[in-house]
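Asks: Structure provided below as structure tokens; questions to follow.
What follows draws every value from the coordinates through simple rules; no lab data is involved. No experiment lies behind these values; they were computed from the predicted model shown. Glycine also receives a Cβ, built like all others from the backbone with ideal geometry; neighbour counts cover every protein chain displayed.
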């Protein structure tokens, strides 16, 4: 069984900041806009290096989306930065009408997603954003798992024409993917191969899936773990190839089970290859205040919950 080593916990938002800093040096069309959260989004270095390409719009997220859409007409590649809640729920009309409808080349970069925002509580812990964004025609939806992958994704989306929603988080998490990786939009990454169960995970839950697979291996259960960093377009071929071998699947995400990765996978399975599936996700609920670890435990979004789901789904084969 292939194992992965955590090279040190790092927050994924810093991966975005590092990627944006590098883009500033290599692509003069990249501009950055922020809604009064420069430090939280790690956009400080880009602002310092390229003040003429940085725009502080203040607490005016809807205006930021309109500005970004307009900048694309002149050939700029705008990267907007604010919390995931404010990048989607607060500005959905502007994203739909000004960006998605006219297929503007805007990169909506959203930090502090999910319940691992922690102590800020339910009003900030958006768990519906993937569903909101994947329903918009032409919108690419990416949810990265660690610092290295977030940096690589930030670089990759600048080369992709069209609107992108890039989702990442606040807490420091395991950094285990290769530093020199090539990020392919829409291409899942098989991390471990197995024969008994498929685990597809996205975002912070990818590391939890790997931890679960190690524990399951000790129990004699061979788990195939797939990192789904791109939720739209979804790599259905990778999913189908795996479940045809294992016969069952667990989906894991830091998002509501309604509208998230799990639903997208279920649609693929129901259309092409009906397969027993268990969902690791929040169950149609808002979050609450607490530490990230406490909340992941309470809402069943950790390796223990994945193990329990595997034990359930393997009995359904």
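Asks: Would you check which residues across the stretch 148-191 are assigned to a helix (DSSP H, G or I), without any contact (Cβ under 8 Å) to a residue 60 or more places away in the chain and in contact with a strand residue (DSSP E or B) (Cβ under 7 Å, 6 or more places away or on another chain) and list them?
Replies: 157
Asks: Please determine whether any residue of the stretch 116-126 is out of contact with any helix residue (DSSP H, G or I) (no Cβ under 9 Å at 6 or more places or on another chain) and either closer than 23 Å to residue 161 by Cα or not in a helix (DSSP H, G or I) (or both).
Replies: Yes: the stretch 116-126 contains one or more residues that are out of contact with any helix residue (DSSP H, G or I) (no Cβ under 9 Å at 6 or more places or on another chain) and either closer than 23 Å to residue 161 by Cα or not in a helix (DSSP H, G or I) (or both).
Asks: May I pose another question? If you go through the stretch 37-48 one residue at a time, do you hit one that is part of a helix (DSSP H, G or I), surrounded by 15 or more Cβ atoms within 10 Å (Cβ to Cβ) and touching a strand residue (DSSP E or B) at 6+ places or on another chain (Cβ under 8 Å)?
Replies: yes
Asks: Shifting gears a bit: State whether the residues of the stretch 74-85 include one that is part of a helix (DSSP H, G or I) and touching a strand residue (DSSP E or B) at 6+ places or on another chain (Cβ under 7 Å).
Replies: yes
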